[in-house]
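The next block holds one structure in the form of structure tokens; read it before the comments.
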Amino acid sequence: MLEVILKEELKKAGTKDVEVLSAGLLEGSDGRPISVFSKVALEQLGYELEEHSSKHISNLSIEREDVLLVTSTDLLPKVREMYPENKIVLLNDPEGVPNPWEKPYEEYLACARVIQQEALKIV
């Protein structure tokens with residue numbers, strides 16, 4: 001959801017020359033489609049969803065200059081270990097973004113709203 005929301009908010013703000021990519025740390029998750037609840041939450045908040053499938057972070061070309069936005073406090077130490085030279089930012093610091101995985105739709109919508117608030121701060 002972060003990629004979709006941040007791309008759209010940057011576009012609305014007229015920001016150019018910023019590439020937004022998202023990836024996770026779950027092994028074997030490459031190519032999975034976005035969850036139905038994530039898609040519905042994004043649509044409810046007014047975001048159009050392009051084709052999207054999950055990617056593992058190791059499949060991205062991450063440069064030292066890139067800023068890595070992390071959604072979860074649980075993931076923060078691992079990302080810092082993997083990319084010690086990068087600027088790493090925890091969204092919704094210090095709590096992080098609530099993880100809606102395998103929870104009811106309302107949790108996905110709440111997560112999308114937190115991401116939206118954080119994206120607006122970045123833009």
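The values are calculated or read from the model by the stated rules, or taken from the named source; none is laboratory data. In this text the structure is predicted, and so the values were computed from the model without any measurement. Backbone-built Cβ (ideal geometry, glycine too); neighbour counts: all protein chains shown.
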Mind listing whichever residues of segment 84-119 are in contact with a helix residue (DSSP H, G or I) (Cβ under 6 Å, 6 or more places away or on another chain), in a helix (DSSP H, G or I) and either closer than 18 Å to L10 by Cα or without any contact (Cβ under 8 Å) to a residue 40 or more places away in the chain (or both)?
-> A112, I115, Q116, A119
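Could you check, for segment 66-74, whether at least one of its residues is assigned to a loop (DSSP other than H, G, I, E, B) and over 16 Å from the mean Cα position of the chain (by Cα)? Outline the logic, then answer.
From segment 66-74, those assigned to a loop (DSSP other than H, G, I, E, B) are 66, 71-74; that's our starting set.
Subset that is over 16 Å from the mean Cα position of the chain (by Cα): none.
No: segment 66-74 contains no residue that is assigned to a loop (DSSP other than H, G, I, E, B) and over 16 Å from the mean Cα position of the chain (by Cα).
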Failed item, numbered, when L49 is tested on (1) in contact with a strand residue (DSSP E or B) (Cβ under 9 Å, 6 or more places away or on another chain); (2) at pLDDT below 95; (3) not aromatic (F, W, Y) = (1)
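Filter segment 1-15 down to the residues that are among the aliphatic types (A, V, I, L, M) and over 21 Å from S35 (Cβ atoms), then identify the one that is surrounded by the fewest Cβ atoms within 10 Å (Cβ to Cβ). Steps first, answer last, please.
From segment 1-15, those among the aliphatic types (A, V, I, L, M) are 1-2, 4-6, 10, 13; that's our starting set.
This time we only want the ones that are over 21 Å from S35 (Cβ atoms), so: 10, 13.
On the way: L10: 18, A13: 13.
Looking at residues that are among the aliphatic types (A, V, I, L, M) and over 21 Å from S35 (Cβ atoms), I get A13.
From the set of residues in segment 36-55 that are of a type in the set (A, V, I, L, M) and closer than 10 Å to L109 by Cβ, which is nearest to the chain's Cα centre (by Cα)?
Here is the first cut: in segment 36-55, the residues of a type in the set (A, V, I, L, M) are 36, 40-42, 45, 49.
Within this subset, residues satisfying the condition of being closer than 10 Å to L109 by Cβ are 40-42, 45.
Working: V40: 16, A41: 14, L42: 12, L45: 16 Å.
Restricting to residues being of a type in the set (A, V, I, L, M) and closer than 10 Å to L109 by Cβ, the top hit is L42.
Out of V114, V123, V70, V97, report the one residue that is farther than 21 Å from G46 by Cα and of a type outside the set (K, R). Reasoning before the result, please.
On the way: V114 fails: farther than 21 Å from G46 by Cα; V123 fails: farther than 21 Å from G46 by Cα; V97 fails: farther than 21 Å from G46 by Cα.
V70 is the lone residue from the list that is farther than 21 Å from G46 by Cα and of a type outside the set (K, R).
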